[in-house]
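What follows is a short report on a single structure.
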Amino acid sequence: MRRSQIFLKTRKEAPADEKASNAQLLIRAGYIHKDAAGVYALLPLGLKVVENIKQVVREEMNAIGGEELLMTTLQRKELWSKTERWDDKAVDIWFKTKLKNNSEVGLAWSHEEPISEMMSAFIASYRDLPAYVYQFQTKLRNEPRAKSGILRSREFIMKDLYSFSRDAKEHEAYYQRVIAAYHKIFKRLGLDDITYLTFASGEPFTQFSHEFQTILPAGEDVIYLDKVKKTAINEEVMSDEVIKQLGLDKNKLAKTTAAEVGNIFNFGTAKSQKLGLTYTDERGAEKAVALGSYGIGITRLMGVMAEHFADDKGLVWPALVAPFDVYLARLSDKKTVVEAADKAYSLLTDSGVSVLYDDRSARPGEMFADADLIGLPQRVVVSEQTIKKDSFELKSRQDPKVHLFKLDELAGALHA
């Protein structure tokens, strides 16, 4: 993609009303646009990053038997009333509206109820179980504290997976597979070393739910972590009794701030009973389905990564999620430089390297500043000086050392 053609504009300053570092960086680098407090549009570069994160998550969800679908955003009042979660006293983040016939509907903040109701049309016998479905969906939540950029917004993309099992044993086996899959996801994204399985409130369904919390100075949660055991306790359930129950040593727990990037939840059969989600077992007896819910905040993950993978110059994306592999900077409009840069662009793209080609008539300092701000993994420079050496300058975003390569060596160096 040529810089002169892509929908991209960088900024020296972030909006004055934006305090969160993740949003400041992403806005300045041209990844997102702030529409209102807690509401951000994904620009082309931002959408590429989100799609790359989604693909990592999708691969790991498919690997544990998940099947992707897409549910609706409009939610029926009568469905949520069955589980007593329509009332604002039970769920205080609803966005609600009315149809032309004056019936009230909600805008999806979660999907446990709709997916469970839908599955009742597909689950009748033990032969229909277990079943695992997931989606990437835009959730809408009337957050009272939308002040942390895309870490806590009113409109965001979430991956939510739901498991439907015959009994608690079958559910628990899958629950553990999801834990392992989540660890794989965060490892692939470069966050596993700072992401901890965290015990949190299970609300009315179970004693604990599990969160995946990433250590982050800008995080809104407080956790107490055991770095050796890779386990943590959310402050909301922290007590001597819980510490003892989990077999942890209070003196080895470190208090820190973190951002929740995922959660897994055991609903048991309570919600299924309210929604009439049952099946007939091998003996012909009717039983309630065991339900599990597993979420990952996709756009929140993007925000966490923007906070964590950054320096004083800008973003530093891991290769797996970066919108392009290479920032190709052409430092002159002279014919020889243009020809060499065009040739490098064609060679790299033909070899499967994705390139953002800065073909503008801009000053070198401006190009280098943009390259650092945008944060692609590699930068290739073509100039009169490199042409004199019959070479191209290659530099990693994370390493100040510059290397020179011949044209026929360049693609191989980038694939190494």
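Couple of notes before you dig in:
- Where a residue in the range 50-64 is on the phi > 0 side of the Ramachandran plot and among the basic types (Lys, Arg) and its partner, wherever it lies, is buried (at least 19 other Cβ atoms within 10 Å of the Cβ) and part of a helix (DSSP H, G or I), with Cβ under 7 Å and at least six apart: none
- Filter result (under 25 Å from the mean Cα position of the chain (by Cα) and among the aromatic types (Phe, Trp, Tyr)) within the range 326-382: Tyr327
- Qualifying position, being among the hydrophobic types (A, V, I, L, M, F, W, C), touching a Lys or Arg at 6+ places or on another chain (Cβ under 9 Å) and over 30 Å from Asp88 (Cβ atoms), among Leu140, Leu129, Leu189, Leu151: Leu129
- Criterion violated by Thr97 - all others in (1) free of Cβ contacts under 8 Å to residues at least 24 places away in the same chain; (2) assigned by TED's automatic domain parsing to the domain that holds Lys34; (3) of a type outside the set (D, E, K, R) satisfied: (2)
- Among the residues of the range 104-122, none qualifies, meaning not one is in contact with a Phe, Trp or Tyr (Cβ under 6 Å, 6 or more places away or on another chain), over 21 Å from Glu68 (Cβ atoms) and not in a strand (DSSP E or B).
- Flag if Glu60 is assigned by TED's automatic domain parsing to the domain that holds Tyr134 and touching a helix residue (DSSP H, G or I) at 6+ places or on another chain (Cβ under 8 Å): yes
- Looking across the range 172-222, the residues that are under 21 Å from Leu246 (Cα atoms), in contact with an Asp or Glu (Cβ under 7 Å, 6 or more places away or on another chain) and either surrounded by fewer than 15 Cβ atoms within 10 Å (Cβ to Cβ) or of a type in the set (A, V, I, L, M) (or both) come down to Ala200, Ser201, Val222.
- Residue in the range 8-26 that is modelled with the lowest pLDDT, counting only those that are surrounded by 12 or more Cβ atoms within 10 Å (Cβ to Cβ) and among the basic types (Lys, Arg): Lys19
The values are calculated or read from the model by the stated rules, or taken from the named source; none is laboratory data. Worth saying up front: this structure is predicted, and the values here are computed from it rather than measured. Cβ: placed from backbone, ideal geometry, glycine included. Neighbour counts: every protein chain shown.
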